[in-house]
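J.: The structure follows.
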Amino acid sequence: NDSLSVASMMAIMPDSFYGTTLEARPTILVYVPASNAQEAVFSLKDEAKEMVFQMTVAVPAQGGIISVEMPESAPELAVDANYQWYVAIKLDNELSPASPFVDGWVKRIAPSLELADALGGEGLADIEALGANGVWYDTVAQLALLNSAQADEAIAGHWFELLESVGLEEVATVPIVM
């Protein structure tokens with residue numbers, strides 16, 4: 001079935017490759033194809049292209065959507081600053097100019113009063129509030145977590161709609177490897 005074979009890495013984000021987060025250390029989702037690679041490198045740079053943080057991430061042999069979670073030891077993103085992130089797959093255990101990679105931009109924002117009031121609910125209510133306010137990274141990360149935790153058709157439906165809304169329906173049914 002051709003629709004299930006996704007050839008290349010993809011950032012799980014809108015076409016603009018830009019999104020916002022409320023988190024000091026956001027979770028970033030990336031689709032990686034099945035391969036014999038074992039590791040990828042996550043890098044975060046500021047607007048001046050200075051390296052802010054870098055770490056290695058395990059890559060599942062069977063491929064899937066992985067979540068890159070910045071550890072507590074990582075620096076916090078400054079509010080209202082833009083950062084560019086990269087996830088590059090190591091080939092033969094090293095990075096090279098040929099390494100497949102995806103990248104995107106993230107900006108930490110302070111929630112509006114309206115959004116702050118709406119948060120603190122359970123599961124989907126929070127996710128819908130984040131989504132309605134366009135907080136991409138947190139919406140997709142929280143929905144992925146819910147979707148991977150339970151086989152729920154409603155949640156799977158929300159996940160498919162969210163990915164379809166940004167043209168990523170071809171990876172909407174691949175396993176989420178958190």
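J.: Calculated FRET efficiency, residue 113 and residue 165, Cβ-Cβ r, R0 35 Å, to nearest 0.05? Display every interim value, and only then the final one.
T.: On the way: r = 26 Å, r/R0 = 0.75.
That pair, residue 113 with residue 165, gives E of 0.85.
J.: Shape of the chain from its Cα gyration tensor (a ≥ b ≥ c, root eigenvalues): rounded if a/c is under 1.5, otherwise prolate when a/b > b/c, or oblate?
T.: Details: a/c = 1.93, a/b = 1.14, b/c = 1.69.
Verdict is oblate for the chain.
J.: A further question on this structure: Express the relative contact order of the chain as a whole percentage, based on alpha carbon pairs under 8 Å and six or more residues apart in sequence.
T.: Working: 337 pairs, mean separation 48.6, N = 178.
Computed over the chain, the figure is 27 percent.
J.: Apply 1/(1 + (r/R0)^6) to the Cβ-Cβ distance of residue 56 and residue 150, taking R0 = 35 Å, and write down the FRET efficiency to the nearest 0.05. It would help to have the intermediate numbers written out before the result.
T.: Numbers: r = 29 Å, r/R0 = 0.84.
Efficiency at R0 = 35 Å is approximately 0.75.
J.: Follow-up. Could you list the chymotrypsin sites (Phe, Trp or Tyr not before Pro) in the stretch 43-130 that lie in coil according to DSSP, counting only those with at most 16 other Cβ atoms within 10 Å of their Cβ? Could you put the intermediate results ahead of the total?
T.: Numbers: sites: 53, 83, 85, 86, 101, 105; in loops: none.
Answer by residue number: there is no such site.
J.: Using a Gaussian network model of the chain whose springs link C-alpha atoms within less than 10 Å, name the residue from 93, 133, 36 with the highest mean-square fluctuation.
T.: For the chain, modelled as a Gaussian network with Cα springs under 10 Å, the answer is 93.
J.: Also, quick follow-up: Can you tell me which aspartates and glutamates have their Cα less than 19 Å from the Cα of residue 90? Leave out same-chain residues fewer than eight positions away.
T.: Residue 90 reaches 39, 69, 103.
J.: Ok, one more. Among 68, 106, 166, which one moves the most in a GNM of the chain with springs linking Cα atoms closer than 10 Å?
T.: 166
J.: Starting from the Cα-Cα distance between residue 35 and residue 49, subtract it from 0.36 nm times their residue separation and give me the gain in nm to one decimal.
T.: On the way: separation 14, 0.36 × 14 = 5.04 nm, distance 2.97 nm.
Here the segment from residue 35 to residue 49 would lengthen by 2.1 nm.
J.: Taking a ≥ b ≥ c as the square roots of the Cα gyration tensor eigenvalues, with a/c under 1.5 meaning rounded and otherwise prolate when a/b beats b/c, else oblate, which class fits the stretch 93-178?
T.: Oblate, since a/c reaches 1.5 and b/c is not below a/b.
J.: Out of the chymotrypsin sites (Phe, Trp or Tyr not before Pro) in the stretch 130-178, which ones are loop residues according to DSSP with at most 14 other C-beta atoms within 10 Å? Before the final figure, lay out the partial values.
T.: Values: sites: 136, 137, 159, 160; in loops: none.
Passing both the DSSP loop test and the Cβ count: no residue.
J.: Moving on to the next point. With springs only between Cα atoms under 10 Å, which of 48, 11, 144 fluctuates most in a Gaussian network model of the chain?
T.: 48
J.: Would you kindly state how much longer the chain becomes between residue 74 and residue 124 on full extension, computed as 0.36 nm times their sequence separation minus their alpha carbon distance, in nm to one decimal?
T.: Using 0.36 nm per residue and subtracting the Cα-Cα distance, I get 15.2 nm.
J.: Mind checking which aspartates and glutamates have their Cα closer than 15 Å to the Cα of residue 107? Skip sequence neighbours fewer than 8 apart in that chain.
T.: Excluding near neighbours in sequence, the set is 23, 46, 47, 76, 80, 138.
Read the figures in this text as sums done on the coordinates, not as results from a lab. Remember, predicted model here, so these are calculated numbers, not experimental data. Counting neighbours? That spans all protein chains shown, and the Cβs are built from the backbone with ideal geometry, glycine included.
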